[in-house]
Amino acid sequence: MIAVVRTRTLRSLRAGISAAETATTAARAESEQHRKHGEIATDSAIRAELALEELRAALTRATADAARLDGELEALRAQSLLDTEDRQALRTLLRITRKQNARADRVYVLFRFGELHSVHASCDAAEMAAEAEGAPRDGWTSSPTDRDAVPASEVRWRIQPVLLGGTR
């Protein structure tokens with residue numbers, strides 16, 4: 001079969017084919033670009049997921065480290081408080097020791113019926129020594145007027161402070 005086609009129609013058909021081929025080529029190029037963009041997007045998504053997993057692992061490690069450091073900080077705070085208490089106790093002991101080691105300026109002499117019985121570092125120590133020998137717990141006098149009124153040989157127990165290191 002032979003078909004007769006006019007030149008104008010033929011040109012029109014050829015122009016249509018050419019336009020269709022151009023559109024097809026453009027569509028294929030656009031399709032290729034979309035495919036490349038899709039591959040790039042897929043690669044980016046994979047990298048983002050990997051980075052997200054790494055960040056989650058780092059967050060887990062950081063959280064564990066923070067918890068461990070928080071525990072250590074609490075232990076150090078408690079140790080610091082104990083150290084402070086220990087230093088305070090040591091200061092107190094040092095103060096007490098220094099007071100005890102301080103040179104006494106006087107001693108307390110315990111007399112029994114006017115005769116020397118013993119010598120003590122404090123009045124309380126002299127009283128305790130007399131009480132251990134049977135002296136009453138109360139009724140102690142140390143005023144000079146009482147000593148002058150009663151002869152020393154008649155006073156059962158008497159405590160008299162004596163200055164050390166010469167007269168003052």
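The angle separating the long axis of helix 123-132 from the principal Cα axis of greatest extent in the chain is about 70 degrees. Cα centroids of the range 91-139 and the range 1-26: 135 Å apart. Just want the answer: with Cβ charges of +1 for Lys and Arg and -1 for Asp and Glu, which residue in Leu55, Gln160, Thr9 is farthest toward the dipole's positive end in the chain? Of the options given, the answer is Thr9. Distance distribution P(r), the range 73-123, all Cα-Cα pairs, bin width 10 angstrom from 0: 21, 24, 19, 15, 12, 7, 2 percent. Dipole check for the range 1-110: with +1 at the C-beta of Lys and Arg, -1 at the C-beta of Asp and Glu, and the Cα centre as origin, the magnitude is about 400 Debye. Once Rg and the Kirkwood radius are both taken over the C-alpha atoms of the range 1-116, their ratio Rg/Rh works out to 1.93.
Carbon-plus-sulfur accessible fraction, the chain (probe radius 1.4 Å, protein heavy atoms only): 57%.
Find the accessible area per residue for the chain; the probe is 1.4 Å, ligands and nucleic acids are left out, and the unit is Å².
Values: 13970 Å² over 168 residues.
Normalised by residue count, the accessible surface of the chain is 83 Å².
In the chain, Cα pairs under 8 Å separated by at least six residues give a relative contact order of 20 percent.
The values are calculated or read from the model by the stated rules, or taken from the named source; none is laboratory data. Remember, predicted model here, so these are calculated numbers, not experimental data. Virtual Cβ from ideal backbone geometry, glycine too; neighbours counted across all protein chains shown. Accessible surface areas use protein heavy atoms only, side chains included; no ligands, DNA or RNA. Shrake-Rupley method; radii C 1.70, N 1.55, O 1.52, S 1.80 Å.
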